[in-house]
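Undergrad: Structure provided below as structure tokens; questions to follow.
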Amino acid sequence: MQFGSFLEFCSSFTNHSVINTMKCLIILSALIVAIAAQRIVDQEVYPPIPYSFSYSADTEDGGRSAHEEQGDGAGRVTGSYTVQGEGGFGRVVDYIADENGFRATVRTNEPGTANQNPADVVMESTADNNALPPVRTAPIAPVARPVVPTNSRPGVRYILVPITDPRAQGYYRRR
């Protein structure tokens, strides 16, 4: 059904067309006033706010952890973090995050690391891979455990059903 105008739509509700037309005119006037009263406000554009932070802390095991970072406020972030263990092993990660993505350079002397560059990360390892002898283990035979009989019936599952569920009728006694 098509209505030629808003007023025809409003007057089509009941036989009291004059009253309904007045109500619709009042509602329409209120909507027009509300729409006209709105102001279009330009969103303020703030200049980029650069930041920087750093910390350094000794760990309980005798090592050290440090982090420093700078951001220009426009999306470019550079930083570095350092982790040093008590055995003299350490890792320094320098990173840049900007419109070209996240890029990191890792400098470490941790055992088991190599100069490989996984996932666009530059890895600079000075680890002496001969420092740790390879671990040799003998195959372990599986331990057979005896089957312990249980009190449950085989193939029966127990499902918790709330008392308010219609499927639980007859299984619970009301107190």
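The values are calculated or read from the model by the stated rules, or taken from the named source; none is laboratory data. It should be emphasised that the depicted structure is a prediction, and the values quoted were computed from it without experimental measurement. All Cβ positions, glycine included, derive from the backbone under ideal geometry; neighbour counts span all protein chains shown.
Undergrad: Going by the conditions given, is Arg64 basic (Lys, Arg), at pLDDT 85 or above and under 25 Å from the mean Cα position of the chain (by Cα)?
TA: For Arg64, the condition - basic (Lys, Arg), at pLDDT 85 or above and under 25 Å from the mean Cα position of the chain (by Cα) - is not met.
Undergrad: Among the residues of region 126-148, which ones are at pLDDT 75 or above and touching a strand residue (DSSP E or B) at 6+ places or on another chain (Cβ under 9 Å)?
TA: Hit for region 126-148 is Thr126, nothing else.
Undergrad: On to the next question. Identify, please: which residue in region 40-61 is under 28 Å from Glu99 (Cβ atoms) and modelled with pLDDT under 90 and is, among those, farthest from the chain's Cα centre (by Cα)? Lay out the reasoning, then the answer.
TA: The first filter runs over region 40-61 and keeps only residues under 28 Å from Glu99 (Cβ atoms), leaving 42-55.
When the remaining residues are screened for being modelled with pLDDT under 90, the result is 42-48.
Values: Asp42: 32, Gln43: 28, Glu44: 29, Val45: 28, Tyr46: 27, Pro47: 28, Pro48: 25 Å.
The extreme case among them is Asp42.
Quick grid of which residues meet (1) farther than 30 Å from Glu86 by Cβ; (2) outside any strand (DSSP E or B); (3) among the β-branched types (Val, Ile, Thr):
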| residue | (1), (2), (3) |
| --- | --- |
| Leu31 | yes, yes, no |
| Ile35 | yes, yes, yes |
| Asp42 | yes, yes, no |
| Ile49 | yes, yes, yes |
| Ala57 | no, no, no |
| Gly62 | no, yes, no |
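Undergrad: Now for a different question. Quick one: which strands (runs of 3 or more DSSP E) lie wholly within region 79-130 and hold at least 2 residues that are of a type in the set (Asp, Glu)?
TA: 90-98
Undergrad: Quick check on region 80-89. Is at least one of its residues touching a strand residue (DSSP E or B) at 6+ places or on another chain (Cβ under 6 Å) and either free of Cβ contacts under 8 Å to residues at least 12 places away in the same chain or aromatic (Phe, Trp, Tyr) (or both)?
TA: Yes, because at least one residue in region 80-89 is touching a strand residue (DSSP E or B) at 6+ places or on another chain (Cβ under 6 Å) and either free of Cβ contacts under 8 Å to residues at least 12 places away in the same chain or aromatic (Phe, Trp, Tyr) (or both).
Undergrad: Turning to a different aspect of this structure: Out of Gly79, Gly101, I need the residue that is closer than 30 Å to Ile49 by Cα, out of contact with any Gly (no Cβ under 8 Å at 6 or more places or on another chain), surrounded by 15 or more Cβ atoms within 10 Å (Cβ to Cβ) and at pLDDT 80 or above. Which one?
TA: Numbers: Gly101 fails: surrounded by 15 or more Cβ atoms within 10 Å (Cβ to Cβ).
Answer to the check: Gly79.
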